[in-house]
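Q: One structure follows; several queries about it will come next.
The values are calculated or read from the model by the stated rules, or taken from the named source; none is laboratory data. It should be emphasised that the depicted structure is a prediction, and the values quoted were computed from it without experimental measurement. Every residue, glycine among them, receives a Cβ derived from its backbone with ideal geometry; neighbour counts consider all protein chains shown.
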Ligand code: HEM
Ligand SMILES: Nc1ncnc2c1ncn2[C@@H]1O[C@H](COP(=O)(O)OP(=O)(O)OP(=O)(O)O)[C@@H](O)[C@H]1O
Ligand SMILES: Nc1ncnc2c1ncn2[C@@H]1O[C@H](COP(=O)(O)OP(=O)(O)OP(=O)(O)O)[C@@H](O)[C@H]1O
Ligand SMILES: [Mg+2]
Ligand SMILES: [Mg+2]
């Protein structure tokens, strides 16, 4: 399988605390990486770093090493990141949110109604998102996964606010994605009920103190 | 045990959809009520209604029936509500947030450092909350439970963003509260790992359509 | 905490009651108004100073006075809505505000039109005019707030609070002519002790005022009925009413 | 809870709001900067002629006061609404009116007080004749708390609507206008050599009225907005 | 993605921002209302004397334009930052500069355009002599897009820095001032019966420059802000 991510000796120091140091990882198509650790360990920090939203203090990180030289924008098209913040506009309806998400992702939604049905929002398409329940808002954000053709998904606690049925649905989508050669990096405090064929677990331990809290 | 909540024939209609109709419930000291249902069923709506934040379309609701006549503000002192929104000020530190929460709850924190230690935030007390991780922010909000003397807790998805250890800790606090004669109403998509002595489960089913969506 | 959440208010009864009043109100309003206006505009003697241009008084004064009266009525409805949570009172706010706004607007326009020949200017930032303009803004604000919320009860309550806060403006309008040296003339007809007008003028004026009152009441009644229908749209009786309405049958 | 703890709650809330404003450094100097900006821009825009500037100075400063008050209004309850603190206030055993009063006080400290303090300087920049200074400061001292109180009412009414900006200004500016008229009339009188005591008394009376009624209205509005 | 889909993205983003603004009923009328309000307040505050008003009219309208632009600035990126959309924009395959341009355009449509359209009416209320009207409208037409562009730069930098915020509006001010000077000078010239073509040409040139550079600056600022 193709190599999608390779990182060496990544280090993150935040507010004088070393979150992780010398962290290396590799991810190939078909892999699922479950980043684990207690609250505040640095999982979200790692994911944002991998997505290119945060610089690393030291270490090297390369996404899609096979393409990064001839097409510097390749990773933007092939990466999908969903963080703690859902990027759902409260004033817009589910349908409008889907459309704008797809535009930003450079994806094309063949049949938005079908997509709404898939994520269980059919019948709610013309209500502003702020009037939807927490789980329904989350489903709008996650609908991106069904429209996306990106190879690498980076998902920070995707199961938050979802009901049991929703979690199952999401894992089905994960399975399909992995089967198609994609890769997923995710965090979750819940265990996956689904057994991915190639599962890596990375544990980040509770933060160690450098003794130098104030920079 | 004393009767804490009694509700009869509660009905909620939102945006032309009946979320629940004719819902009746009773809660005594020592009870735990787990409200269950899929996303968008109306769990949060019910909890907000019980907390007095939303009016019901019809039905009767009484909190603390034994005291409501002689002390109309009794319920305010004896009720603690934590919803989807955590009421944590992003600009303030954990310590400041705890202080202001206690002030609003009318509670007194004997030893704030002890409390910080309990919820696992020791060493992070002087960082603005916005720089804490999702789980740590949630812990600040939940610290209210350790400071509170309220009899009735209404908690909407308290386990969100908590790690395994945090969930366990919270359930220990629940157990102590219930033992002391308190009662809890909560929603959660996860099952409780703790077995409360008096557990009621209320299931709200997926919304039914009245056929008249537009008022 | 003891919250009694009564079932839907009796919108249907109110609707039908208002429906019974409406024709009488409208009829008498048209009659009185016609008498007053014809008398005032055609038969009352011309003013020895202003000639015929003074006749605008027969519209200006009633509309100005009623714009304040309807606001007071709206504020009372708002108080009732907030304190007793009566839905009919909430709906009356929405029914009264546009009517009041139109009355205010008429008084502003007629005042401005009268001001041109009298004071040589359409508009001046004089206290009376300014406070009357504020009244218009208040009406618009109440209306905007009422309709700004998705939940109609929330909107009604918010609008009620604003309506109550705005009551302060009413005495300001009335007393502005004394508190500031206003261009606008002081009380002419409201000082009953000694009206500074001949009876041939103020009697038709009173008839006009009375006619405007009836007309305003008729409009408010009609609007209130519409509002009840709008709010109770999902109730079976409204479906009945709509199905039986002559409009639908054509 | 007793009286003492109520007042400590009000203090705590005020301290909280002030320190939130300070942390967000941009906010804390914002009204101050705004005032300075307008007062600097005006002579540039209008031309530096003494007599024109002096005639409009009091008016300009007062319009700035209104706008500064409006500018701070969105911030007043918005954050508390979004992060759920407003809900907690409604459920708190403390009377909501007190919390409303704390909010009004903070708004004044952040937007009214800086203006009052800066006003002599503004008067200088805008070339207001010396005689008018004292009256101007007095009108601002009496008027700005009212502005804060009214702003709080409007902000509480519109907080759940998303940025309440427009509706808010529609609601508030009409309420502000009488204030503006009285205040500028007072300065005008002084400049013409007449006593302004009448207008000032009126302002004072109106202020007492507003400050007693506003917390009640704000509390009612918050309750409405939360659900 | 090709050129066509880029432009469709810009349209989609603009439509999105506009419809967000419309939904939030309050917002869509906001700058419009703000302008009207200030223009109503001014004669009240300053006194209705024709000649004074007429002399300051153009200046007042331009100061209002600056303020309206600043007022809309917080809104510009704040919501997108809070709900995470800004992150997604940075990660999007589409060039960030285009998204920045869409933002600037929306800001102008919501705060500049209404002012341009209303300006004749404002001129009437403020009793600007008739000769000045055309020039005023022209300066606004050329100037407001620049205001939007500059405001967007400031807003993008401020959105996460928070602390740098006030300082930045302080930095923006010097950029606004030349604009203000040229625009009011243009109207002044016209009123004095001289041609204003020089100032207008300068404004036009400056506008082209700003509009080409601003998207780049905004995009860079957003990138800095996100992490
Ligand atoms: C735009 C300009 C004007 C406005 C906004 C205006 C507004 C009002 C208002 C609000 C009232 C009711 C006052 C009350 O009941 O306390 C009123 C009454 C009246 N107006 Fe005007 N007015 C305007 C112009 C004029 C003009 C030009 C005249 C004629 C010289 C005039 C003559 C009167 C008279 C005679 C009354 C009845 C006064 C009384 O007895 O209370 N108005 N106007
Ligand atoms: N402010 C509102 N206005 C109108 N409708 C609303 C509002 N809030 C919620 N609803 C509707 O009520 C329904 C129930 O929402 P609620 O938040 O109670 O669901 P929930 O059971 O808590 O779901 P979740 O598990 O996702 O949190 C949803 O379908 C939603 O569309
Ligand atoms: N913007 C920031 N500035 C400074 N420190 C930060 C910032 N964001 C996070 N931190 C610190 O980094 C640490 C790790 O945060 P992170 O969000 O990565 O944790 P996490 O593993 O995702 O935890 P959780 O399970 O609670 O989501 C925390 O201790 C936090 O204090
Ligand atoms: Mg995290
Ligand atoms: Mg919920």
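Q: Kindly evaluate residue C:11 against the criterion of being in contact with a helix residue (DSSP H, G or I) (Cβ under 6 Å, 6 or more places away or on another chain), more than 14 Å from every other protein chain (Cβ to nearest Cβ) and either more than 16 Å from ligand 4 (Cβ to nearest atom) or in contact (Cβ under 8 Å) with a residue 24 or more places away in the chain (or both).
A: Details: in contact with a helix residue (DSSP H, G or I) (Cβ under 6 Å, 6 or more places away or on another chain): yes; more than 14 Å from every other protein chain (Cβ to nearest Cβ): no; either more than 16 Å from ligand 4 (Cβ to nearest atom) or in contact (Cβ under 8 Å) with a residue 24 or more places away in the chain (or both): yes.
Against the criterion (in contact with a helix residue (DSSP H, G or I) (Cβ under 6 Å, 6 or more places away or on another chain), more than 14 Å from every other protein chain (Cβ to nearest Cβ) and either more than 16 Å from ligand 4 (Cβ to nearest atom) or in contact (Cβ under 8 Å) with a residue 24 or more places away in the chain (or both)), residue C:11 does not qualify.
Q: Okay, next question. Just one of D:171, D:192, D:157 is farther than 17 Å from residue D:144 by Cβ and surrounded by fewer than 23 Cβ atoms within 10 Å (Cβ to Cβ); which is it? Don't jump to the end; show me each part of the working.
A: Values: D:171 fails: surrounded by fewer than 23 Cβ atoms within 10 Å (Cβ to Cβ); D:157 fails: surrounded by fewer than 23 Cβ atoms within 10 Å (Cβ to Cβ).
Checking each option against the conditions leaves just D:192.
Q: Anything in the stretch A:11-28 that is farther than 15 Å from residue A:205 by Cβ and away from ligand 3 (no atom under 13 Å from the Cβ)? List them, or say none.
A: A:24, A:25, A:26, A:27, A:28
Q: Checking residue B:15 against (1) within 14 Å of chain A (Cβ to nearest Cβ); (2) touching a helix residue (DSSP H, G or I) at 6+ places or on another chain (Cβ under 9 Å); (3) crowded, with 18+ Cβ neighbours inside 10 Å, which test does it fail?
A: (3)
Q: Just wondering, is there one or more residues in the stretch E:18-26 that are facing another protein chain (nearest Cβ under 7 Å), modelled with pLDDT under 75 and within 25 Å of residue C:133 (Cβ to Cβ)?
A: yes
Here is a yes/no grid of residues against (1) within 14 Å of chain D (Cβ to nearest Cβ); (2) away from ligand 3 (no atom under 16 Å from the Cβ); (3) more than 16 Å from residue C:173 (Cβ to Cβ); (4) in a helix (DSSP H, G or I):
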residue: C:83; (1), (2), (3), (4): yes, yes, yes, yes
residue: C:94; (1), (2), (3), (4): no, yes, yes, yes
residue: C:102; (1), (2), (3), (4): no, yes, yes, yes
residue: C:114; (1), (2), (3), (4): no, yes, yes, yes
residue: C:136; (1), (2), (3), (4): yes, yes, no, yes
residue: C:145; (1), (2), (3), (4): yes, yes, yes, yes
residue: C:153; (1), (2), (3), (4): yes, yes, yes, yes
residue: C:159; (1), (2), (3), (4): yes, yes, yes, yes
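Q: Check off (1) at pLDDT 85 or above; (2) within 14 Å of chain B (Cβ to nearest Cβ); (3) in contact with a strand residue (DSSP E or B) (Cβ under 8 Å, 6 or more places away or on another chain) for residue A:39 and give me the number that stays unchecked.
A: (3)
Q: When you go through D:215, D:129 one by one, which is the residue that is outside any helix (DSSP H, G or I), away from chain E (no Cβ under 14 Å) and touching a helix residue (DSSP H, G or I) at 6+ places or on another chain (Cβ under 7 Å)? Walk me through how you get there before you give the answer.
A: Values: D:215 fails: outside any helix (DSSP H, G or I).
Answer to the check: D:129.
Q: Which residue is nearest to the other protein chains (Cβ to nearest Cβ), if the candidates are limited to the stretch B:65-82 and must be at pLDDT 90 or above and either within 20 Å of residue B:129 (Cα to Cα) or touching a helix residue (DSSP H, G or I) at 6+ places or on another chain (Cβ under 6 Å) (or both)? If you could, list the steps in order and put the result at the bottom.
A: Narrowing the stretch B:65-82 to residues at pLDDT 90 or above: B:78-82.
From the residues that got through so far, the ones that are either within 20 Å of residue B:129 (Cα to Cα) or touching a helix residue (DSSP H, G or I) at 6+ places or on another chain (Cβ under 6 Å) (or both) too are B:81-82.
On the way: B:81: 6, B:82: 8 Å.
Selected residue: B:81.
Q: Just wondering, is there one or more residues in the stretch B:100-114 that are within 16 Å of ligand 3 (Cβ to nearest atom) and under 26 Å from residue B:189 (Cβ atoms)?
A: Restricting attention to the stretch B:100-114, the residues satisfying the condition of being within 16 Å of ligand 3 (Cβ to nearest atom) are none.
No; the residues of the stretch B:100-114 include none that is within 16 Å of ligand 3 (Cβ to nearest atom) and under 26 Å from residue B:189 (Cβ atoms).
Q: Quick check on residue E:111: is it within 14 Å of chain A (Cβ to nearest Cβ), modelled with pLDDT of 75 or more and on the phi < 0 side of the Ramachandran plot?
A: So residue E:111 does not fit the description; no.
Q: May I pose another question? In the stretch B:121-137, which residues are without any contact (Cβ under 8 Å) to a residue 12 or more places away in the chain and either more than 14 Å from ligand 4 (Cβ to nearest atom) or touching a helix residue (DSSP H, G or I) at 6+ places or on another chain (Cβ under 8 Å) (or both)? Steps first, answer last, please.
A: Taking the stretch B:121-137 first, the residues without any contact (Cβ under 8 Å) to a residue 12 or more places away in the chain are B:122-123, B:131, B:133.
B:122, B:123, B:133, listed by residue number.
Q: With the condition kept exactly as written, say whether any residue in the stretch A:104-116 is within 14 Å of chain B (Cβ to nearest Cβ), without any contact (Cβ under 8 Å) to a residue 60 or more places away in the chain and either away from ligand 2 (no atom under 16 Å from the Cβ) or under 19 Å from residue A:7 (Cα atoms) (or both). Before the answer, list the steps.
A: Quick first cut of the stretch A:104-116, residues within 14 Å of chain B (Cβ to nearest Cβ) only: A:116.
Applying the additional criterion that residues be without any contact (Cβ under 8 Å) to a residue 60 or more places away in the chain yields A:116.
Those still in the list that are either away from ligand 2 (no atom under 16 Å from the Cβ) or under 19 Å from residue A:7 (Cα atoms) (or both) too: none.
Scanning the stretch A:104-116 turns up no residue that is within 14 Å of chain B (Cβ to nearest Cβ), without any contact (Cβ under 8 Å) to a residue 60 or more places away in the chain and either away from ligand 2 (no atom under 16 Å from the Cβ) or under 19 Å from residue A:7 (Cα atoms) (or both).
Q: Condition first: within 16 Å of ligand 4 (Cβ to nearest atom) and either at pLDDT 95 or above or buried (at least 17 other Cβ atoms within 10 Å of the Cβ) (or both). Now tell me which residues in the stretch B:143-200 satisfy that.
A: Taking the stretch B:143-200 and keeping what is within 16 Å of ligand 4 (Cβ to nearest atom), we get B:159-167.
Scanning the stretch B:143-200 gives B:159, B:160, B:161, B:162, B:163, B:166, B:167.
Q: Here are B:151, B:131: which of them is more than 30 Å from residue A:165 (Cα to Cα), under 14 Å from the mean Cα position of the chain (by Cα) and more than 16 Å from ligand 1 (Cβ to nearest atom)?
A: Being more than 30 Å from residue A:165 (Cα to Cα), under 14 Å from the mean Cα position of the chain (by Cα) and more than 16 Å from ligand 1 (Cβ to nearest atom) holds for just one of B:151, B:131, which is B:151.
Q: Hey, another quick one. Looking only at the stretch C:43-74, which residues are surrounded by fewer than 13 Cβ atoms within 10 Å (Cβ to Cβ) and within 20 Å of residue C:117 (Cβ to Cβ)?
A: C:45, C:46, C:48, C:49, C:51, C:52
Yes or no, residue by residue, for (1) within 14 Å of chain A (Cβ to nearest Cβ); (2) outside any loop (DSSP other than H, G, I, E, B); (3) touching a helix residue (DSSP H, G or I) at 6+ places or on another chain (Cβ under 8 Å); (4) surrounded by fewer than 24 Cβ atoms within 10 Å (Cβ to Cβ):
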{"position": "E:55", "(1), (2), (3), (4)": "no, yes, yes, yes"}
{"position": "E:58", "(1), (2), (3), (4)": "no, yes, yes, no"}
{"position": "E:74", "(1), (2), (3), (4)": "no, yes, yes, yes"}
{"position": "E:87", "(1), (2), (3), (4)": "yes, yes, yes, yes"}
{"position": "E:98", "(1), (2), (3), (4)": "yes, yes, yes, yes"}
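Q: So residue D:226 clears everything in (1) crowded, with 23+ Cβ neighbours inside 10 Å; (2) closer than 24 Å to residue C:152 by Cβ; (3) more than 9 Å from chain E (Cβ to nearest Cβ) except one condition, right? Which one?
A: (1)
Q: Could you say which residue among A:140, A:154 is in contact with a helix residue (DSSP H, G or I) (Cβ under 8 Å, 6 or more places away or on another chain) and assigned to a strand (DSSP E or B)? Spell out how you get there, then give the answer.
A: Values: A:140 fails: assigned to a strand (DSSP E or B).
One residue alone meets the criteria, A:154.
Q: Let me ask something additional. Within the stretch B:21-37, can one find any residue that is within 16 Å of ligand 2 (Cβ to nearest atom), surrounded by fewer than 17 Cβ atoms within 10 Å (Cβ to Cβ) and part of a strand (DSSP E or B)? I'd like the intermediate steps shown before the answer.
A: The first filter runs over the stretch B:21-37 and keeps only residues within 16 Å of ligand 2 (Cβ to nearest atom), leaving B:21, B:23, B:25, B:33-37.
Keeping just the survivors that are surrounded by fewer than 17 Cβ atoms within 10 Å (Cβ to Cβ) gives B:21.
Then drop every residue that is not part of a strand (DSSP E or B), which leaves B:21.
Yes, the conditions are met somewhere in the stretch B:21-37.
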